[in-house]
1. Looking at the structure I just gave you, is GLU278 open to solvent by 40 Å² or more (accessible area, probe 1.4 Å) and under 18 Å from ILE4 (Cβ atoms)?
2. Of LYS335, LYS347, LYS319, which residue is of a type in the set (Lys, Arg), in contact with a Phe, Trp or Tyr (Cβ under 8 Å, 6 or more places away or on another chain) and open to solvent by 40 Å² or more (accessible area, probe 1.4 Å)?
3. Working only within segment 246-269, note down all residues that are open to solvent by 10 Å² or more (accessible area, probe 1.4 Å), farther than 22 Å from LEU26 by Cα and not in a strand (DSSP E or B).
4. For LYS569, are the conditions met, namely being assigned to a loop (DSSP other than H, G, I, E, B) and either open to solvent by less than 80 Å² (accessible area, probe 1.4 Å) or out of contact with any Gly (no Cβ under 6 Å at 6 or more places or on another chain) (or both)?
5. Output the number of residues of segment 401-435 satisfying the condition of being over 23 Å from TRP472 (Cα atoms), open to solvent by less than 70 Å² (accessible area, probe 1.4 Å) and part of a strand (DSSP E or B).
6. Scan segment 151-189 for residues that are within 14 Å of LEU26 (Cα to Cα) and free of Cβ contacts under 8 Å to residues at least 12 places away in the same chain and jot them down.
7. Out of ASP234, ASP187, ASP270, which single residue is acidic (Asp, Glu) and over 20 Å from TYR64 (Cβ atoms)?
8. Is it the case that some residue within segment 324-337 is in a strand (DSSP E or B), under 25 Å from GLY217 (Cα atoms) and either at pLDDT 85 or above or not aromatic (Phe, Trp, Tyr) (or both)?
Amino acid sequence: MQKIRNIAIIAHVDHGKTTLVDKMLLAGQLFRENQNSGELILDNNDLERERGITILSKNVSIRYKDYKINIIDTPGHADFGGEVERVLNMADGCLLLVDAFEGPMPQTRFVLQKAIQIGLKPVVVINKVDKPNCRPDEVNEMVFDLMFSLDATEEQLDFPTIYGSAKQNWMSTDWRNPTDNITPLLDAIIEHIPAPEYIEGTPQMLITSLDFSSYVGRIAIGRIHRGELREGMDIALCKKDGTFVKNRIKELHLFEGLGRTKVEKAGSGDICALVGIEGFEIGDTIADLQNPEPLPRIAIDEPTMSMTFTNNDSPFFGKDGKFITSRHIAERLTKELDRNLALRVEKAEEADVWTVYGRGVLHLSVLIETMRREGYELQVGQPKVIIREIDGVKCEPIEQLTVNLPEEYASKIIDMVTRRKGELLSMENHNDRTHMEFTIPSRGIIGLRNNVLTASAGEAIMAHRFLEYQPWKGDIERRTNGSLIAMEAGTAYAYAIDKLQDRGKFFIFPQEEVYAGQVVGENAKEGDIVVNVTKSKKLTNMRASGADDKAKIIPPVVFSLEEALEYIKEDEYVEVTPHHLRLRKIILDEIERKRSNKQ
């Protein structure tokens, strides 16, 4: 048997997965020098650090007692399911990480279900047992029930449990006896997770991930299923359409710590990176040149949401960004398709408009946010769910929604969800908090988070995951308030905003530049109003009879990208530039707008 262990780490957002991997890296005698910086080593992209979520899966490895443990970090959000499915293919077992207070959450369930179907052996880690009012034993029972409900086998249900606190850097088989290191966890991995079998024969490797380097181009990553690969070897690349393309491996790398080391050869069970393979896609097989046998391809869930992307054509285009033409956006979206499995892009019939399909608002907003940081300017339309015809019936995606919040707000939330065609499945109370599960159409979730947080004074924890397609549930009322639209271009004055405040809430600060057709606020009633926010106070040499009232301005509403996407109506765009997010009408001219509304 080989001294290799391949494990994937599964956890809900914010249960401490990345912290745990960092501690394991430290235990593997690496990075002694960065130990004091307190930075997370794994989440190395800015967006991941700011939001505290893992978006891209990563590979690292540690050495422990002359065993090599390859750790594959997986994203927790169901929106990044495309990442999850292909990553689990590389592992032989998984570490299920659960918070000792919250217990298993719906998104943990999403990844765990995939892992159990593939047949991975789990090791359960109950983390954060140093928190007050945690309930490790009860959580362990909950994990067992969850595995049972996901149809786990007898062998999978007989899992070892390790308790501890990754932050305090200790793990133990009994949470009442803390240790001073995390070796009990590493021992459990070596003892319970099977070593990859060494399969003799012609080489086979499924490409499950890729890396990009501006120096050597695209790098194929995967786990060798059988046989061995060597540097300079000629191989066949088995494509989606059943054709075989001859290729040569220029370099072969294995994962060592956080980096990669160049090696001469790698054998069955190793996770490796190949340089020099051209024209591959994720899901292709590297096989023997004389006798190619493709492995089964990775099946990926279909996207459930779409958005329109187009280049920025507002009066302010090109002021902020470096990449503003439609050619730039087209190239960037094509590049994203290489790496982002669950994404689809279609060119629409109008010039310079693309329809981008993804797994949810978060999946698409992370792409938009990344583009905006790279210096792109673009406009994005309202997210729409993808509707399918199944046996002649119009069907839409349905999600499972869980909300956990203080008891006194429960009735408000139930009312809010049922208005959006949600159905309450179960409700249980625990320590003055209520845990509710609903099924709800994906359409109903767009814009729900803001309302739930407002209604529960910010206390609610909300998570959702895609279930299945079901027949159309009927119309859902969206935002009924109209928009306040700027009449002309110019600088917004406090004087003008002050006089208009009884009309509704504003989204702009005084002294901000606006243009005609920009949405500057929300009307308190239905219907859109055009307002003049660029009117300044006229000065005369007459003395005013009363003292001038000072302008008292209520602070404007500032949207995050997701909130803006969920807020806009069908005839509006979000204009995204590196430094600004603006809401605007698709047709800027007021007369044109009225004309098209009549039609």
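1. no
2. LYS347
3. Listed by number, the residues that qualify are LYS250, GLU264.
4. Judged against the criteria, LYS569 is a match.
5. Of the residues in that region, 7 qualify.
6. Selection gives ASP180 alone.
7. Selected residue: ASP234, the only one of ASP234, ASP187, ASP270 that is acidic (Asp, Glu) and over 20 Å from TYR64 (Cβ atoms).
8. no
The values are calculated or read from the model by the stated rules, or taken from the named source; none is laboratory data. Values in this document were obtained by computation on a predicted structure and should not be read as measured data. Please note: Cβ atoms are built from the backbone with ideal geometry, for glycine as well, and neighbour counts cover all protein chains shown. Please note that ligands, DNA and RNA were not included when accessible areas were found on the heavy atoms of the full protein model with its side chains. Shrake-Rupley method; radii C 1.70, N 1.55, O 1.52, S 1.80 Å.
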